[in-house]
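Okay, structure first, notes after.
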Amino acid sequence: MAADIIDGRAIAAELRADLAGEVALLAAGGVTPGLAAVLVGDDPGSVSYVTAKAEACAEIGIFSETIRLPADIPQDALLDRIDELNGDPRFHAILQQLPLPSHIDERVILDAIAPAKDVDGLHPTNLGRLLRGETSGPIPCTPQGVMHLLARSGVDPAGTHAVVVGRSSLVGRPLAVLLANKATGANATVTLCHTGTADLGAHTRTADILVVAAGRPGTVTADMVKPGATVIDVGTNRIDDASRKRGWRLVGDVDFAGVSEVAGRITKVPGGVGPMTIAMLLANTVRAARVAGAG
Ligand code: NAP
């Protein structure tokens with residue numbers, strides 16, 4: 001294998017250790033950071049994500065509570081619950097676990113979270129600030145995690161060509177903005193690809209940094225990667241695997257076996273971006289508590 005592995009688990013563990021120190025300092029000043037996670041329904045993937053987030057909070061001393069609501073909760077009742085949490089001083093941060101059932105308009109719910117408590121940075125106010133190049137507010141966790149992975153691996157995007165595959169508001173779009181920011185640790189020339197891109201490989205082959213967030217296994221294969229490139233695989237896809245007790249395993253969007261022979265650095269799935277997303281959720285919660293404590 002040619003590529004060095006970018007170890008998201010190890011980098012996230014370092015970040016969590018730093019955050020634990022910050023939480024202890026806040027607690028000494030009388031502020032315990034608090035996160036409310038709202039889970040609608042019992043989708044197994046969402047339940048396991050929320051459980052992992054609650055455990056990560058507990059490990060570093062963040063107070064967290066999971067508010068479990070039935071899948072058929074009316075939108076207005078969910079809005080009332082969000083409103084209560086906006087006014088609850090125990091919580092500095094609110095996480096609405098996505099996706100929501102189809103009768104609920106995701107945007108209406110995200111818009112209802114107070115921008116100061118918007119731990120995922122998906123409120124239009126926070127996304128708007130990000131678009132203006134302001135990075136002092138909450139930044140969506142996964143793109144922020146990718147930027148940290150690059151920084152902690154010694155990969156400077158400045159002057160490089162970065163290609164992002166996927167244009168969701170959760171991952172691809174904010175990441176493209178972060179990479180293109182006129183700032184230290186950014187300053188890349190960015191190409192944003194999607195299903196309307198005519199020849200995906202023609203773009204990815206020119207990438208010094210290639211981030212793939214398409215949600216489809218095998219989106220990027222070895223022939224689509226420039227030798228020596230840094231490849232970050234955001235994809236998290238469950239595929240059937242009869243050899244596993246649970247009957248499935250997680251794979252990314254990148255053909256790891258082939259691409260790792262060509263790339264210079266690469267992340268794995270699992271163990272790459274996933275742990276960073278959780279670390280950034282903790283970081284955003286601590287930041288919100290710090291800002292609230294200072295105010
Ligand atoms: P999404 O909302 O479904 O967006 C996927 C994007 O990829 C869309 O913009 C889509 O284009 C584009 N796309 C899909 N197939 C493509 C192809 N063959 N060629 C080029 N573009 C393609 O997904 P998401 O929320 O951004 O998540 C993406 C993946 O990351 C998923 O596997 C998700 O589970 C994973 N994820 C992981 C983490 C983590 O912490 N590890 C966090 C968030 C998401 P169009 O816009 O044209 O449809």
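The values are calculated or read from the model by the stated rules, or taken from the named source; none is laboratory data. Keep in mind the model is a prediction, meaning the values are calculated, not measured. In this analysis, Cβ positions are derived from the backbone assuming ideal geometry, glycine residues included, and neighbour counts consider all displayed protein chains. All accessible areas refer to the heavy atoms of the entire protein, side chains included, with ligands and DNA or RNA removed. Shrake-Rupley method; radii C 1.70, N 1.55, O 1.52, S 1.80 Å.
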ask   = Expressed in nm to one decimal, what extension gain is obtained for the pair Ser48 and Glu65 from 0.36 nm per residue of sequence separation less their Cα-Cα distance?
value = 4.7 nm
request  = Round to a whole angstrom and tell me the spacing of the C-alpha centers of the range 192-207 and the range 232-278.
outcome  = 21
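For the range 1-63, what is the convex hull (Cα atoms) projected area averaged across all directions, in square nanometres? Let's see the in-between values first.
Numbers: hull surface 23.9 nm².
Result: 6.0 nm².
Could you work out the mean projected area of the convex hull around the alpha carbons of the range 1-130, in square nanometres to one decimal? Don't skip to the answer; put the middle values down first.
Numbers: hull surface 41.0 nm².
Taking a quarter of the hull surface, the average projection is 10.3 nm².
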request  = Enumerate the whole-percent occupancy of each 10 Å bin, from 0 to the last occupied one, for all C-alpha pair distances of the chain.
outcome  = 6, 27, 34, 24, 8, 0
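I want to verify the translational diffusion coefficient of the range 141-285 in µm²/s; compute it with Stokes-Einstein, Rh as the Kirkwood radius over Cα pairs, at 10 °C and 1.306 mPa s.
Values: Rh = 15.2 Å.
Value of D from the Cα-based Kirkwood radius: 105 µm²/s.
So which DSSP H runs in the chain come out at 20 Å plus along the axis (Cα) with average Kyte-Doolittle of at least -0.5?
Working: long enough: 8-28 (30 Å, 0.86); 44-60 (25 Å, 0.36); 273-294 (31 Å, 1.05).
Helices passing the filter in the chain: 8-28, 44-60, 273-294.
Report relative contact order for the chain in percent, whole number only (criteria: Cα-Cα under 8 Å, sequence separation at least 6). Spell out each step's value before the answer.
Details: 591 pairs, mean separation 65.2, N = 295.
Relative contact order here is 22 percent.
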note = Taking only the alpha-carbon positions of the range 134-173 as identical scatterers, the Debye log10 I(q)/I(0) at q = 0.18, 0.32, 0.35 Å⁻¹ comes out as -0.59, -1.16, -1.13
ask   = Counting every Cα pair in the range 118-198, what percent are over 23 Å apart?
value = 15
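Just add up the charged neighbours of Asp233: K/R +1, D/E -1, any other residue whose Cβ is under 9 Å from the Cβ of Asp233.
Numbers: positive: Lys268; negative: Asp253.
Neighbour charge sum, excluding Asp233 itself: 0.
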request  = Enter the accessible area of His103 (Å², nearest 10), with the probe set to 1.4 Å and all protein chains included.
outcome  = 90
query = What's log10 of I(q)/I(0) for the range 55-191 at q = 0.10, 0.18, 0.19, 0.21 Å⁻¹, Debye sum over Cα points only, no solvent?
reply = -0.40, -1.06, -1.13, -1.25
task = Could you tell me the accessible area of Arg152 in Å² (1.4 Å probe, neighbours in place), rounded to the nearest ten?
result = 100
ask   = Based on the alpha-carbon gyration tensor of the range 210-292, what equivalent-ellipsoid semi-axes (square roots of 5 times the eigenvalues) come out, in whole Å, largest first?
value = 27, 19, 9
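Does the range 58-133 classify as rounded, prolate or oblate by the C-alpha gyration tensor (a ≥ b ≥ c root eigenvalues; a/c under 1.5 gives rounded; else a/b over b/c gives prolate, otherwise oblate)?
Details: a/c = 1.76, a/b = 1.08, b/c = 1.62.
Oblate.
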ask   = Counting only residues 5 or more places away or on other chains, whose amide H sits under 5 Å from the amide H of Ile67 once H atoms are built in the peptide plane?
value = Ala37, Val38, Leu39
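Rounded to a whole number of µm²/s, how large is the Stokes-Einstein D of the range 103-163 at 4 °C and 1.567 mPa s, given Rh as the Kirkwood radius over C-alpha pairs?
Numbers: Rh = 13.1 Å.
It diffuses with D of about 99 µm²/s by this estimate.
Antiparallel as a % of all DSSP beta bridges within the chain, to the nearest 5?
Looking only at bridges with both residues in the chain, the antiparallel portion is about 10 percent.
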